[in-house]
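The values are calculated or read from the model by the stated rules, or taken from the named source; none is laboratory data. All figures in this text were calculated on a predicted structure; none of them were measured in a lab. We place every Cβ from the backbone using ideal geometry, glycine too, and count neighbours over all the protein chains shown. Remember, those area values only see protein heavy atoms, side chains included, never the ligands or the DNA or RNA. Shrake-Rupley method; radii C 1.70, N 1.55, O 1.52, S 1.80 Å.
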Amino acid sequence: GGRISLDEQISNFKETKARIVSIIGRRETKRLLKHQSLFIVVTGSNDFLLGKEMTSDGSFLSSKFESQLRKLYYLEARKIIATNIPRFGCTPFERDKNPNAKGCIASFNEDISSYNKRLKRLLMDLTANLTASTFVYADIHAMLKDILQNYRSYETSNVIVASHMMDGGLKFMSPMNIRQLVYSSTVHPDD
């Protein structure tokens with residue numbers, strides 16, 4: 001399927017909320033959303049890169065994102081987890097595009113790090129200023145790093161990181177038991 005913007009997703013949620021109200025009533029819907037629902041907003045590198053095209057420092061994305069999170073709050077969402085953006089400069093895809101670079105591509109990661117710091121402050125501000133709200137910053141990069149470095153503690157015996165694009169496809173190792181595998185694609189370090 002195609003990409004659905006967060007604005008469209010919020011609009012879809014507004015319609016869904018109206019349907020829920022028609023089934024269980026306004027009071028029960030409010031209770032359900034405020035006390036029994038968890039909203040998770042995942043932002044990927046592509047969201048950052050698309051937003052970054054509009055400004056040099058990613059601030060447009062940050063202010064727009066604040067507006068979108070507030071819309072969710074005004075639709076009765078009270079428990080919201082927002083993910084940071086993983087360090088895109090560490091993906092095999094970017095590292096393959098820059099073969100002379102050692103390790104991660106710093107320029108990508110500096111911009112993302114700056115955005116993530118603003119996001120963390122924004123979520124703390126929203127929690128402090130929007131009554132009965134809890135906005136949680138989920139550090140995807142730290143989670144992924146922990147999984148890749150400590151994969152055995154997740155009852156996984158193998159880590160595969162697709163490291164090269166070859167003839168339009170990926171070069172993989174031989175098939176393994178999927179339950180014992182941590183996999184990262186060339187572009188999405190969180191796959």
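Before moving on, here are some points about what is shown:
- For the residue pairs Lys17/Lys117; Lys34/Lys64; Lys64/Lys102, the C-alpha atoms sit more than 30 angstrom apart in Lys17/Lys117; Lys64/Lys102.
- Under 19 Å from a label point set 7 Å out along the Cα-to-Cβ vector of Ala132, the amide N atoms of segment 66-88 belong to 70-81.
- Solvent-accessible surface (1.4 Å probe) assigned to Ile20 amounts to roughly 40 Å².
- A cut-off under 13 angstrom between Cβ atoms defines the neighbours of Leu123, and their net charge, with Lys, Arg +1 and Asp, Glu -1, is +3.
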